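Read the structure below first, then the notes.
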Amino acid sequence: MIPFIDLAAQQTRIKPQIDAAIARVLDHGRYIMGPEVAEFEAAFAEFIGVKHCIGMSNGTDALSASLMALGVGPGDAVITTPFTFFATVEAIMLQGATPIFADIDRETFNLSPDRISEAIEQTKQKTDLRLKGILPVDLYGLPADYKKINEIARQNDLFVLQDSAQACGAVRFGKRSPGHGNIGTVSFFPAKPLGCYGDGGAVLTDDDQLAERVRSIRVHGKGADKYDNVRLGLNARLDTIQAAILLEKLKIYPDELALRQNKANSYRQSLNPSQSANFEVPETPPMTESAWAQFVIRTRHRNAVADCLKADGIPTFVYYRTPAHQLEACKHLPLLVDLRESELASQEVLALPFHPYLSESEISEVRSAIVRSLSRQETVYKW
Ligand SMILES: *Cc1c(COP(=O)(O)O)cnc(C)c1O
């Protein structure tokens, strides 16, 4: 049985360092905002290449705190993608603001710059909402097209908040994610590319004022201290133990990003898509290094292929079966544009087993199972 992700392989690699790091925290006992938090924030800010890193309790709180720091509230609108984890949309709605969905590009699964412009026009024409910003998601580890998105934001006086929960450390246009917008977030949920052993996240920004606000919001809107409350905030700190674990994991992360790239290349080569017209493997745009949070194929026979792989002992997953605008919690939101590509993607994507320690024999086992299942489908359906 091939695991979908194998967190144990990584743990074995750095077990003594992790044990020692946790033991140090137990020794000094500063479980909340201990020295490892600031140490990790400095190391992570340097790795990403931004001025400020604020450790947070999880990726969702990181998004909420960012939106609060940006002053988003009722009557405001934020453009985002419906093809994401609900947390992205939820964070906007929790501020009382309205998410405006724009469609994705077929090739990248990320927000399409043209579709963003369309959504901006429609919001101006059809609503009285104040359009405040754009919240792109770097899906499956691939940074969105920030050259175009930042330009659209500049022309329309909008902020860019980058949800890089899945793309921590990915590179596009010579910059690591999430360093592309005004402010950005990552998640250290265990299954994300850089995961801790519990919940964790971070906000990253070059903007001094936004950083100061997020630091305040992280601890109940603190002023001089946590009993001097100058605004509403959250209780959203990164645990010291998680920071200590992340410090050790960050040391091997550049190597793991390279391993992820290797495994993705192996998958791409062995799954040579020319074998079937109804099958696509992910491509990376020029000047881009994905963090490969997931390796996602696309096929019209998605459900049948998933069933065949399951019967062969190969787990797969669908991110995301329902685009956000079709979720119960979002049904009341205004729909201003066509979201055809997001809807199609939700029916056709399939994430394969993927992690930095995947073996070549596992990759070829997955490949054989896919080829078997596709040949079965194509004789059945005769496209
Ligand atoms: C995982 C994820 C989040 C939320 O992160 P948590 O740490 O689980 O709160 C937000 N956005 C996207 C795109 C994600 O994949």
**Study point:** Amide H partners (placed H, <5 Å) of L131, local residues excluded
**Key:** A77
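Run the dipole for region 1-60 about the Cα centre, Lys and Arg Cβ at +1, Asp and Glu Cβ at -1, nothing else charged, and hand back the magnitude in debye, nearest 20.
40
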Review point. Under the Karplus relation 6.51 cos²θ - 1.76 cosθ + 1.60, θ = phi - 60°, what is the ordered set of whole-Hz ³J(HN,Hα) values for region 164-180, x standing for Gly and Pro?
Key: 10, 3, 9, 10, 3, x, 4, 10, 8, 6, x, 10, 7, 7, x, x, 8
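Arrange the peptides 117-128, 156-167, 56-67 so that the one whose residues have, on average, the most other Cβ atoms within 10 Å appears first. Let's see the in-between values first.
Details: 117-128: 15.2, 156-167: 24.9, 56-67: 26.7.
Most protected by this proxy first, the peptides run 56-67, 156-167, 117-128.
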**Study point:** Extent along principal axes [Cα atoms of region 1-52; Å; largest to smallest]
**Key:** 42, 32, 16
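How large is the direction-averaged shadow of the alpha-carbon convex hull of region 150-277, in nm²? Please list the in-between numbers first.
Numbers: hull surface 46.5 nm².
Averaged projected hull area, Cα only: 11.6 nm².
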Exercise for review: Subtracting the Cα-Cα distance from 0.36 nm times the residue separation, let me have the gained length for D312 to F47 in nm, one decimal.
Suggested key: 91.4 nm
Exercise for review: Using θ = phi - 60° and the Karplus relation 6.51 cos²θ - 1.76 cosθ + 1.60, list the HN-Hα couplings for region 15-20 in order, rounded to whole Hz, with x at every Gly or Pro.
Suggested key: 4, x, 5, 5, 4, 5
Practice item. Neighbouring Cβ atoms within 10 Å as the yardstick, rank I5, I22 fewest first. Key: I22, I5
Revision key, fill the gap. Listed with the fewest Cβ neighbours within 10 Å leading, C308, C196 appear as C308, C196
Point to revise | Cβ-based net charge around A236, under 9 Å, with every Lys or Arg adding one and every Asp or Glu removing one | key: +1
**Study point:** Dimensionless Rg/Rh of the chain - Kirkwood Rh, Rg from C-alpha atoms
**Key:** 0.98
Point to revise | Expected-Rg normalisation [2.2 N^0.38 Å, Cα atoms] applied to region 21-117 | key: 1.41
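In debye, nearest 20: dipole of the chain around its Cα centre with unit charges on the Cβ of K, R (+) and D, E (-)?
Values: 41 positive and 47 negative charges, 54 e Å.
Once rounded to the nearest 20, the dipole reads 260 debye.
What's the magnitude of the charge dipole for region 22-118 around its Cα centre, counting Lys and Arg as +1 and Asp and Glu as -1 at the beta-carbon? Answer in Debye, nearest 20.
On the way: 5 positive and 13 negative charges, 43 e Å.
Dipole magnitude for region 22-118 comes out near 200 debye.
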Review point. Sorting R340, R367 on the 10 Å Cβ count, fewest up front, what's the list?
Key: R340, R367
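Expressed in nm to one decimal, what extension gain is obtained for the pair A9 and N156 from 0.36 nm per residue of sequence separation less their Cα-Cα distance?
Values: separation 147, 0.36 × 147 = 52.92 nm, distance 4.68 nm.
Computed gain between A9 and N156 is 48.2 nm.
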Review point. Per q in 0.10, 0.11, 0.15, 0.19 1/Å, what log10 I(q)/I(0) does a Debye calculation on the alpha-carbon atoms of region 231-345 return?
Key: -0.54, -0.65, -1.03, -1.16
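Looking at this model, which pairs from K192/K251; K132/K192; K192/K310; K192/K263 are more than 18 angstrom apart at the alpha-carbon?
Working: K192/K251 16 Å; K132/K192 29 Å; K192/K310 23 Å; K192/K263 16 Å.
With Cα atoms farther than 18 Å apart: K132/K192; K192/K310.
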Exercise for review: Give me the distance between the Cα centres of region 309-383 and region 203-257, rounded to whole Å.
Suggested key: 35
Check your understanding: How large is ³J(HN,Hα) for each residue in region 321-328, as worked out from phi by the Karplus curve 6.51 cos²θ - 1.76 cosθ + 1.60 (θ = phi - 60°), to whole Hz, x for Gly and Pro?
Key -> 5, 10, x, 3, 5, 9, 6, 3
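Read-outs throughout are calculated quantities, based only on the coordinates presented, and are distinct from any laboratory measurement. Predicted, not measured: the structure shown is a model, and the values here were computed from it. For neighbour counting, all protein chains shown are included, and Cβ atoms are generated from backbone atoms with ideal geometry for every residue, glycine included.
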